[in-house]
Amino acid sequence: MPGRVDAKWSPWPQLMFHPQMLEKRGEDEIYEKIILEQYGTEALKKSWIETCQALEKVTDEISEKGTSIIPVMNLDEFLAASTSKKEELKDRGCFVVRRVVPKEEATRWYHDLKDYVTDNKDSITGMPAETPFMFNVYHSPTQQAARSHPNSLALQRAINTLWQDTTNTTSPEPLSYADGCRIRPENTKFNSLPPHIDGGSLSRWADPAYRDVYHSIFSGSPLSHNPYNLGIRAPAKSGLFPGTSSQVLRAFQGWTALTSAGPGEGSLLLYPNIKLAIAYVMLRPFFQEPENPADYMDATKWTLNVERGWYPGTWKKLPQIVSPMSHPHLRLEECLVNIPRVEEGDTVWWHADMIHGVDSEHNGTHDSSVLYIAAVPTTPDNVAYMKGQVADFKAGVPPEDFRGNGTDETKFKGYLGEAGILTEQGKRAAGFEL
């Protein structure tokens with residue numbers, strides 16, 4: 001099926017249990033035992049079997065449909081989507097929204113961004129370190145214009161409304177989280193970003209508020225898990241452990257395309273399922289694989305074991321990593337699929353708990369350039385972070401999540417400061433009125 005990994009996982013790691021894979025933890029960091037004590041053996045076993053059995057049908061569908069399973073809509077269609085269409089989008093957990101920004105405007109942004117990077121290249125760092133194309137740049141005129149564009153803000157607000165909250169402590173009004181950007185040249189290989197889930201790794205099990213998000217999964221009812229409960233998710237501490245995790249809840253992560261890109265051209269790979277995939281990842285540390293690899297796909301042959309304390313693909317300072325050997329029932333080689341081809345001004349969105357990755361090769365004929373712009377709802381913790389982001393912006397230091405990267409952009413050629421924000425609505429979203 002075109003548009004999937006097609007049984008080829010290299011060059012990403014295959015994760016297998018070995019004592020050396022165990023991350024050192026304190027005596028009180030026995031989260032798997034805390035969860036087992038709270039929910040009990042039978043509930044965890046029930047959830048494991050139900051999740052794996054349900055994944056059989058889901059993975060068959062993804063494998064059959066490939067890239068075509070990812071919904072694609074125009075901006076107007078998305079903003080006017082019916083309740084039933086929104087439920088369909090929520091079930092899938094990812095989608096492409098086209099023509100959010102006019103093609104000519106996005107193309108101009110790309111050239112402006114490239115000039116900004118070129119003019120300040122001696123001061124800009126990124127990944128890979130030797131020849132970066134994922135840049136530690138957060139406040140270029142292009143990024144400020146894109147984050148404050150009225151179409152982008154309207155779309156972000158509509159995306160945020162896919163989440164629900166009965167606590168009256170949050171709002172779908174978007175906040176403009178300052179993130180980086182990418183200009184990836186053609187014919188480049190990049191193997192350092194294996195398929196993963198952002199929003200923390202061990203913190204999902206370690207933080208009590210984060211654990212509550214997955215209560216249904218641990219309590220024996222994985223099919224009733226609601227991935228869109230903002231009231232429960234908002235206080236979760238994704239950045240509990242210092243590292244690469246954002247402290248901000250990004251309801252949906254997003255790419256805004258400044259150039260066209262298709263499968264195999266440095267594009268995005270998504271695992272288009274939320275509810276079952278995250279249930280499987282959350283339950284996986286409690287179960288040990290059978291001795292015979294031929295039995296791996298039979299969930300009943302797996303045994304509950306919290307004694308070895310292995311969280312596959314989980315390291316405190318890194319995102320949650322997955323692989324076919326450590327998470328076999330996900331059928332990642334078949335079900336991690338490329339997004340549809342995107343053009344200039346298109347956007348791609350995926351849920352905070354979605355498995356995703358990036359093409360290890362870019363075999364296209366031109367740069368693949370995107371801005372990282374997420375849909376960030378207004379929550380108490382997000383507001384607190386944004387107040388700090390504004391202070392950092394005015395002081396000329398990188399945002400808190402990226403404090404170890406970047407430099408003082410106020411000294412860059414072409415830097416516009418607050419004047420680069422297009423609209424008053426954009427200034428509000430950037431936190432200037434908080």
| request: May I ask you to work out the translational diffusion coefficient for the range 25-167 at 25 °C, viscosity 0.890 mPa s, via Stokes-Einstein with Rh from the Kirkwood sum over Cα pairs, reported in whole µm²/s? | output: 122 µm²/s
| note | Sites removed, the longest contiguous part of the chain containing no DSSP-loop GluC sites (Glu not before Pro) with at most 12 other Cβ within 10 Å is 131-290
| said: Taking just the alpha-carbon atoms of the range 94-237, what radius of gyration and Dmax come out, in angstrom? | reply: 19.1, 56
| query | Shape call for the range 135-206 from the C-alpha gyration tensor, a ≥ b ≥ c root eigenvalues: rounded (a/c under 1.5), prolate (a/b greater than b/c) or oblate? | reply | oblate
| note | For residue 394, the aspartates and glutamates lying under 18 Å Cα to Cα, once residues fewer than eight places off in the same chain are dropped, come out as 179, 408, 409, 418, 424, 433
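Using the heavy atoms of the protein chains and a 1.4 angstrom probe, tell me the accessible area per residue for the chain in square angstrom.
That works out to 41 Å² for each residue.
Taking a ≥ b ≥ c as the square roots of the Cα gyration tensor eigenvalues, with a/c under 1.5 meaning rounded and otherwise prolate when a/b beats b/c, else oblate, which class fits the range 221-299?
oblate
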| request: Report the full-extension gain for the segment residue 237 to residue 305: residue separation times 0.36 nm, less the Cα-Cα distance, to one decimal in nm. | output: 21.8 nm
| field | Dipole of the range 136-219, positive direction: furthest Cα of 141, 151, 187, with charges on the beta-carbon | value | 187
| Fraction of the pair-distance distribution of the chain above 35 Å, Cα-Cα pairs, percent | 26 percent
| Accessible surface of the range 281-434 [probe 1.4 Å, protein heavy atoms]: carbon and sulfur percent | 50 percent
| note | Between residue 287 and residues 5 or more places away or on another chain, the pairs with built amide H atoms under 5 Å apart involve 305
| task | Collect residues whose amide H, placed 1.01 Å from N in the peptide plane, falls under 5 Å from the amide H of residue 126; neighbours closer than 5 in sequence don't count. | result | 136
| With θ set to phi - 60° and the Karplus curve 6.51 cos²θ - 1.76 cosθ + 1.60, what are the ³J(HN,Hα) couplings of the range 243-260 in order, to the nearest whole Hz, using x for Gly and Pro? | x, 8, 6, 6, 7, 9, 7, 9, 3, 9, 7, x, 10, 10, 7, 9, 9, 6
| said: Just to be sure I understand the model, the point goes 7 Å from the Cα along the line to the Cβ. What's the resulting residue 22 to residue 91 distance in nm? | reply: 4.3 nm
| Placed amide H near residue 274: partners under 5 Å, 5+ positions off or other chain | none
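Compute the relative contact order of the range 80-230 as a whole-number percentage, counting only Cα pairs closer than 8 Å that sit 6 or more residues apart in sequence.
Computed value for the range 80-230: 20 percent relative contact order.
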| remark: Computed about the Cα centre, the charge dipole of the chain from +1 Lys/Arg and -1 Asp/Glu charges at the Cβ has a magnitude in debye, to the nearest 20, of 360 debye
| query | Hey, which aspartates and glutamates would be in cross-link range of residue 85, C-alpha to C-alpha under 13 Å, not counting anything within fewer than 8 residues on its own chain? | reply | 77
| note | HN-Hα couplings for the range 334-342 via Karplus (6.51, -1.76, 1.60; θ = phi - 60°), in whole Hz with x for Gly/Pro, come out as 9, 10, 8, 10, 5, 6, x, 4, 10
| field | Quarter of the Cα convex hull surface for the range 12-99, i.e. its orientation-mean projected area (nm²) | value | 10.5 nm²
| remark: For the range 331-434, the charge dipole (Cβ of Lys, Arg +1; Cβ of Asp, Glu -1; about the Cα centre) points to a positive end, and the Cα of 364, 430, 405 closest to that extreme belongs to 430
| Per the helix-only calculation at 222 nm, which mean residue ellipticity applies to the chain, given -39500 (n - 2.57) for every DSSP H run of n ≥ 4 and division by its residues, nearest 500 deg cm²/dmol? | -9000 deg cm²/dmol
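Which percent of the accessible heavy-atom area of the range 113-264 goes to carbon and sulfur, probe 1.4 angstrom?
Looking at the range 113-264 in its full context, I get 52 percent from C and S.
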| said: Output wanted: per-residue J couplings in Hz (rounded whole) for the range 42-48, from phi through Karplus 6.51 cos²θ - 1.76 cosθ + 1.60, θ = phi - 60°, x for Gly and Pro. | reply: 5, 5, 5, 4, 4, 5, 4
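The values are calculated or read from the model by the stated rules, or taken from the named source; none is laboratory data. All values reported here derive from a predicted model rather than from experimental measurement. We place every Cβ from the backbone using ideal geometry, glycine too, and count neighbours over all the protein chains shown. Quick note on the areas: whole protein, heavy atoms, side chains included, nothing else; ligands and nucleic acids left out. Shrake-Rupley method; radii C 1.70, N 1.55, O 1.52, S 1.80 Å.
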